[in-house]
Amino acid sequence: MANSRAEASRRILAAEKNLYKVFPQNKTIKPQSEPRSSKKKVKEKLSVRDAEIEIYYEDAKGDITQREIRVMTYIVRTGRITAWCHLRNGLRTFYIDRIISAVDMNTGEIINDIDLYLADHIG
């Protein structure tokens with residue numbers, strides 16, 4: 001099992017090298033220019049509506065996966081998202097600082113600032 005996991009990680013990392021083909025260099029995700037605390041003040045735990053996004057996500061072990069998720073809640077202070085993950089067919093927790101790239105599945109829009117995107121989709 002360890003060998004298959006290592007092989008899967010190698011394949012994912014090899015695919016990551018080709019991400020520039022999916023997400024062109026001129027549309028890379030830019031680091032946030034403002035600290036979270038200076039952005040619009042909102043409640044601690046937010047219910048999010050109509051936020052279906054495709055993400056490339058790096059977990060705590062460094063493994064990168066492509067996920068299609070439907071965001072349900074967002075906790076601003078911790079940057080934690082609770083979402084239905086179509087890959088795992090269940091609720092999962094994601095941290096916005098581990099999201100490598102994101103695309104709105106309904107519009108195809110590349111999401112450069114996940115905080116602002118989720119703020120726009122507060123239910």
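The values are calculated or read from the model by the stated rules, or taken from the named source; none is laboratory data. As the structure is a computational prediction, the values presented were derived from the model and not from experiment. Ideal geometry is used to build each Cβ from the backbone, glycine not excepted, and the neighbour counts take in all protein chains shown. To get the accessible areas, we keep the full protein, side chains included, count just its heavy atoms, and leave off ligands, DNA and RNA. Shrake-Rupley method; radii C 1.70, N 1.55, O 1.52, S 1.80 Å.
Key figures for this structure:
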read-out	value
Residues whose placed amide H lies under 5 Å from that of Ile122, excluding near-sequence neighbours	Arg49
Fully extended contour minus Cα-Cα distance, from Glu68 to Leu87, at 0.36 nm per residue	6.2 nm
Which of Thr65, Thr93 is most accessible, then next, and so on - probe 1.4 Å	Thr93, Thr65
Glu68, Glu52, ranked by accessible area, largest first (probe 1.4 Å)	Glu68, Glu52
Net charge, Met72 excluded, C-beta distance under 13 Å - Lys, Arg +1, Asp, Glu -1	+3
